[in-house]
Amino acid sequence: MQYKIPRGTFDILPPDSRRWQAVIRIWHETAQQFGYEEITTPIFEQADLFERSSGESSDIVQKEMYRFTDKKGRCFALRPEGTAPVVRSYTENNLDRQSRITRLYYVGPMFRYDRPQAGRYRQFYQYGAECIGSHHPFYDAEIIALQTAFLNRLGLRNISLEINSVGCPACSKDYDRALTAFFEPHREELCEDCRSRLTSKPRRLLDCKVPSCRAIAAAAPSMLDYLDDACKEHFALVQGYLREMEIAFTVNPRIVRGLDYYTHTAFEFLNPALGAQNAIGGGGRYDGLIMQIGGRDIPAVGIAGGFERLLLSLEIENIPLQTAPVPDAYLVLACPQAKSLGIRLLAQWRKQGLALAYDPEKDSFKAQLKAADSLKARYAVIIGEDEIASGTVSVKNLGTGEQQSVPAEAVPQLLRSKEEKKYLF
RNA sequence: GUGGGUGUAGUUCAAUUGGCAGAGCACCGGAUUGUGGUUCCGGGCGUUGUGGGUUCGAGUCCCAUCUCCCACCCCA
């Protein structure tokens, strides 16, 4: 074993690849049902696109980005998240001129240089959707509904939705000041991390796991009390829409999203069964981002989620996704003279859409039937001396054992009709 | 980036105080020449993650390194 896969990456092999296909297919279907169209962007972009959008002080930029320079010294980064590239493409291609509301969704790999852990990888796969062009709270609720529909359709049940509002930049700033003022007198009692957070990101103090910090934070002021009237109303309307859509949620004023560009609504979908890495998706509104990266002042709201944790959740809850593909029939060629005819028929029947299995290295009759059985083929199509002599082939139902001879031309129709019959019961 | 655990056949796991590296499952073949599943029989020299060291002798002890796992951190 000479080469090894890079740390924090993984191959998706059968039978897992089937599960991935199924989940991705359901994502495409759900997003399209909600009026979203697919966008695919490159997996690398100018590094400063992410630096500018995520925020210089974010962990993504500070330590998790895969950066590199190309032969001409230009600085690129493997994308650590999906929103910035979509927004870049939106502005670059003037999509705002084409329609007032633009709904886009994507699927693809993201890259973050993190220490790998269960449910956390260096190359991981995300789905996401962005609704660009309106500040209306309906769209916040709608995109949450999209993500809810997706998770429900997969069969996940033990998922909770927590929402919060981080307000507009103005009330957000007020709140940070209030937090700093609140924690400052306790500086000496805080853990080391929290002391540095106090100056850089006071909000992070709220979800520190050190018990002593938690005790202090318990009495900290709530973001919700610092929302101005407009922000308060927006948040109330989002909640109203969610209730009308019958989407269960709890308000958690401590939700902090990792990236700087979020405004107003922020939310997370959590699966408590997952352990430390329990966020399976989330999103929020980012009204300032498009202007920030050089576009017009256009509001937007988006979601994203990771497939790894989705699949982990499905496994924990024992939800089957897709059964293994089985061949319609296994071709048994019983004598050397049958081989040429058999291979011609194999090709012909495949053109007609049948899933056929055949192994040229198995000569004995018994071995071929055994193989048919282990592949769970529904039928064996047998061609040997007898069949050649009579100008027919034998079709054996491997479930019931019944067997009949028919002309070769009848096989596709026969297998198809028998299969249809099967679905009638 | 920090701390703790882990690694033996394709896979799941054994191997006593350091003493010949094994089993289940899976896989392949066979059990009178054209009929599968059950059953029975046969089939394993694997750089014990990698590289060093101690020892007459290392899967086992020591050091380094890598991987994965758990937690911190962060998030998907």
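The values are calculated or read from the model by the stated rules, or taken from the named source; none is laboratory data. The structure displayed is predicted, hence computed values, not measured ones. No Cβ is skipped: glycine too gets one built from the backbone with ideal geometry, and neighbour counts run over all protein chains shown. These accessible areas exclude ligands, DNA and RNA; they are computed on the full protein's heavy atoms, side chains included. Shrake-Rupley method; radii C 1.70, N 1.55, O 1.52, S 1.80 Å.
If you keep only loop residues by DSSP, which GluC sites (Glu not before Pro) in the stretch A:112-188 have at most 12 other Cβ atoms within 10 Å of their Cβ?
Hits after loop and neighbour filter: nothing returned.
Using a 7 Å offset from the Cα along the Cα-to-Cβ direction at both A:LYS232 and A:GLU92, what is the distance between the two label points in nm, to one decimal?
4.3 nm
Please give me the summed charge of the neighbours of A:LEU227: other residues whose Cβ is under 15 Å from its Cβ, Lys and Arg +1, Asp and Glu -1.
Taking every Cβ under 15 Å from that of A:LEU227, the sum is -2.
One-quarter of the Cα convex hull surface for the stretch A:329-424, in nm²?
Seen from a random direction, the Cα hull of the stretch A:329-424 projects 5.7 nm² on average.
Give, to the nearest whole percent, the P(r) tail of the stretch A:46-98 beyond 15 angstrom, counting all Cα pairs.
Result for the distance tail: 50 percent.
Whole number in Å², please: accessible area per residue of chain A, 1.4 Å probe, ligands, DNA and RNA not counted.
52 Å²
Helix A:83-92 against the longest principal axis of chain A: what's the angle in degrees, Cα atoms only, rounded to the nearest 10?
90 degrees
Determine the sum of side-chain charges near A:THR392: Lys and Arg each +1, Asp and Glu each -1, restricted to other residues whose C-beta is under 11 angstrom from that of A:THR392.
Its environment carries a net charge of -3.
Give me the extension gain from A:SER160 to A:THR40: residue separation times 0.36 nm, minus the current Cα-Cα distance, reported in nm with one decimal.
Working it through step by step, the gained length comes to 40.3 nm.
Placing +1 at every Lys and Arg Cβ and -1 at every Asp and Glu Cβ, with all other atoms neutral, what dipole size does chain A have around its Cα centre, in debye to the nearest 20?
Here chain A has a charge dipole of around 960 debye.
Net charge around A:GLN32, counting only other residues with Cβ within less than 12 Å of its Cβ (Lys, Arg = +1; Asp, Glu = -1)?
Taking every Cβ under 12 Å from that of A:GLN32, the sum is -1.
Using a 1.4 Å probe over the heavy atoms of the protein chains, calculate the carbon and sulfur portion of the accessible area of chain A as a whole percent.
51 percent
Let me spell out the model: positive unit charges on the Cβ of Lys and Arg, negative unit charges on the Cβ of Asp and Glu, origin at the Cα centre of the stretch A:329-424. What dipole size does that give, in debye rounded to 20?
Charge dipole, the stretch A:329-424, about its Cα centre: 360 debye, nearest 20.
Any idea how far apart A:LYS72 and A:ALA355 come out in nm if each label point goes 7 Å out from Cα toward Cβ?
4.8 nm
Once fully extended, how much extra length lies between A:LYS63 and A:HIS28, figured as 0.36 nm per residue of separation less the alpha-carbon to alpha-carbon distance?
9.4 nm
Which shape class, rounded, prolate or oblate, goes with the stretch A:1-146 when its Cα gyration tensor gives a ≥ b ≥ c as root eigenvalues, a/c under 1.5 marks rounded, and past that a/b bigger than b/c marks prolate?
Cα axes put the stretch A:1-146 in the oblate bin.
Quick one: what are the phi-derived ³J(HN,Hα) couplings along the stretch A:371-381, Karplus 6.51/-1.76/1.60 with θ = phi - 60°, whole Hz, x for glycine and proline?
Coupling constants for the stretch A:371-381: 4, 4, 5, 6, 7, 6, 4, 6, 9, 10, 9 Hz.
Name the GluC sites (Glu not before Pro) in the stretch A:380-415 that are in a loop by DSSP and that have at most 11 other C-beta atoms within 10 Å, would you?
A:GLU402
Would you work out which of A:ILE26, A:THR69, A:ILE101 lies farthest towards the positive end of the dipole of the stretch A:1-156? Charges go on Cβ: Lys and Arg +1, Asp and Glu -1.
The residue sitting farthest along the positive end of the dipole is A:THR69.
Would you kindly state how much longer the chain becomes between A:SER390 and A:TYR113 on full extension, computed as 0.36 nm times their sequence separation minus their alpha carbon distance, in nm to one decimal?
The span from A:SER390 to A:TYR113 would gain 93.0 nm if fully extended.
Counting other C-beta atoms within 10 Å, and keeping those with at most 16, which DSSP coil trypsin sites (Lys or Arg not before Pro) do you find in the stretch A:6-75?
A:ARG7, A:LYS71, A:LYS72, A:ARG74
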